[in-house]
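The values are calculated or read from the model by the stated rules, or taken from the named source; none is laboratory data. Everything numeric here is computed off the predicted structure, so don't read it as measured data. Neighbour counts are summed over all protein chains in view; Cβ atoms, including those assigned to glycine, are modelled from backbone coordinates with ideal geometry. The accessibility values were calculated without ligands, DNA or RNA, using every heavy atom of the protein model including side chains. Shrake-Rupley method; radii C 1.70, N 1.55, O 1.52, S 1.80 Å.
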Protein chains: 2
Amino acid sequence: MIDAHMDFNDDMAPEVSLIIPAAGDSTRMGMTKRKPWLPLGGVPIILRTLSVFKEIDWVKEIVLVVNEQDEAEARGPQWEELRRHGVTMIVTGAENRAMSVFNGLQVTDPAAEVIAIHDAVRPFVSADTCKALFRTASKRGAAIPVTPVTDTIKRVEGDKVIDTPQRVGMMAVQTPQCFRREVLVEAYEYAFKTDGISDNITDDSSLVEQYGQEVSVILSSSDNIKITTKEDLVLAGSMLKAGLV
Amino acid sequence: MIDAHMDFNDDMAPEVSLIIPAAGDSTRMGMTKRKPWLPLGGVPIILRTLSVFKEIDWVKEIVLVVNEQDEAEARGPQWEELRRHGVTMIVTGAENRAMSVFNGLQVTDPAAEVIAIHDAVRPFVSADTCKALFRTASKRGAAIPVTPVTDTIKRVEGDKVIDTPQRVGMMAVQTPQCFRREVLVEAYEYAFKTDGISDNITDDSSLVEQYGQEVSVILSSSDNIKITTKEDLVLAGSMLKAGLV
């Protein structure tokens, strides 16, 4: 596995366009405020997330994809803060994640070598991991961050166990997922021509895998959590307080 | 899927022997104190775990399996507190989890209908979930608590993704895992006669599945976390403070 702490030469740095899909609803949190805007240690999660990428000068632009209902606010009262945190464009989301990312992809600079897609609610990703991913995507076409699965997993049908898959090699996927620009563009073209883009596409690399592109993995930290439940928000707050991130 | 909140008739309650394997080392925590004895909100994790089962009067005995090095302490200075929290017996662990559980099984009362095996470091399991598991194991032979997997999972070989298994039906397994006594005894006999007991057996129901016994699942809460890392301990503390458990 490729180590996130490998030393990469900055003069070999690819130019990166970052897409942040933030168009999901917040039903799982049971709150009216969009998840990315919930405060974490006094700062909205999305601004913490953006800050990580603002510090990496390989990232040339950041496209934020928002819900239609949130667009006026993002372009209005929130805009100055978003811009200061590196956002260069706002686009409207679509009916599912993959189509929202596609909308973002349309407005990215065709000159950028790598497209990175990152969850708005993963504020603890490290810059080292991001750089390793950008670099590997540039060299190999596609790179995603993973951590080993620690739970025993079973496949269940109805109320019965039907299989206990071997845990060896089972990895949980995080973001940013990174692709050479033309690989992602071609993967979308291929998906439109074949199965279409369905709601089942829970991560961006699936599209690219279906297209036949090999995807490299980078071992990432379990600290790079996705904040989707109240428990996650509590955990994230404690991780900050305890100085773990 | 069977709901943990189904109403079970207390007069139909099976008698339960509980085995708690606490013989693992604490290397992942990077601490000298055994994980089960780390304080959580001022109370050792193991005592919190025991308290849950002490309140369920279906549980007739609790066998605690400890490391050889910890045995003197468990039988000495810790004994009074363990006893007050429902522990009826201490046994010595073995080279792996499954063999430690087997040691515990040897001393359980043959009259008990159900054997439950619970991680020492899962203090937040609910009594409702436990009762649903005990009842289902009694009726069907084997029952385990599960929660849906929320991450996208990939199978990785070397540094490449080789498969993205469908997330539908993928469940993460928790404890207590519960079995009719004779099912578990026969599953061990079968394992000794065939493949033996290996370190790869990460959950008790695998043994029973290999023996050919159907295993039922009960939908459990994601609150029933296993405290294995410093982050988990921080999370557990926050869940307590926030009144989530």
*Ranking by accessible area, most exposed first, for A:LYS154, B:LYS139, A:LYS33 with a 1.4 Å probe*: B:LYS139, A:LYS33, A:LYS154
*How far apart are the A:ARG167 label points across copies, placing each 7 Å from Cα toward Cβ, in nm, shortest first?*
2.1
_Separation of alpha-carbon centers, the stretch A:84-111 and the stretch A:177-223, rounded to whole Å_ = 16 Å
*Inter-site label distance for A:MET89 and A:PHE192 at 7 Å from Cα along Cβ, in nm*: 1.5 nm
*For the protein assembly as shown, share of DSSP beta bridges that run antiparallel, in % to the nearest 5*: 45 percent
*For the stretch B:167-236, just say rounded, prolate or oblate: build the C-alpha gyration tensor, square-root its eigenvalues into a ≥ b ≥ c, call rounded for a/c under 1.5, and beyond that prolate if a/b exceeds b/c, oblate if not.*
prolate
_B:ARG48, A:ARG83, reordered so the largest accessible area comes first (probe 1.4 Å)_ = A:ARG83, B:ARG48
*How much net charge surrounds B:MET99 when only the other residues with a Cβ under 12 Å from the Cβ of B:MET99 are counted, with Lys and Arg +1 and Asp and Glu -1?*
-2
_Per residue, how much accessible surface does chain A expose to a 1.4 Å probe? Answer in Å², no decimals._
43 Å²
*For chain A, what does -39500 (n - 2.57) per DSSP helix run (n ≥ 4), summed and divided by total residues, give at 222 nm, in deg cm²/dmol to the nearest 500?*
-9500 deg cm²/dmol
*Other chains' Cβ within 10 Å of A:212-221 residues: what's the mean?*
3
*How many nm is it between the label spots at B:ALA127 and B:LYS230, if each spot is 7 Å from the Cα in line with the beta carbon?*
3.6 nm
*asked:* Report the B-A buried area as the accessible area lost on both sides summed, probe 1.4 Å, in Å² to the nearest 100.
replied: 3700 Å²
*Provide the net charge surrounding B:VAL87, with neighbours chosen by a C-beta distance below 10 Å and charges set as Lys +1, Arg +1, Asp -1, Glu -1.*
+1
_I need the inter-copy label distances for A:GLU68: point set 7 Å along Cα to C-beta, values in nm with one decimal, smallest first._
7.0
*Among the listed pairs A:LYS60/A:LYS193; A:LYS154/A:LYS241; B:LYS139/B:LYS193; A:LYS131/B:LYS226; A:LYS230/B:LYS241, give every one whose C-alpha distance is greater than 23 Å.*
A:LYS60/A:LYS193; A:LYS154/A:LYS241; B:LYS139/B:LYS193; A:LYS131/B:LYS226
*Overall form of the protein assembly as shown per C-alpha gyration tensor (a/c, 1.5; a/b vs b/c)*: prolate
*asked:* Quick check: from the Cα gyration tensor, does the stretch B:43-101 come out rounded (a/c under 1.5), prolate or oblate?
replied: oblate
*Given 0.36 nm per residue, what is the gain on full extension from B:GLN210 to B:LYS33 after removing their alpha carbon distance, in nm?*
60.2 nm
*Among the aspartates and glutamates, select those whose C-alpha is under 19 Å from the C-alpha of B:LYS160, and discard any that sit fewer than 8 residues away in the same chain.*
A:ASP3, A:ASP203, A:ASP204, A:GLU209, A:GLU214, B:ASP151
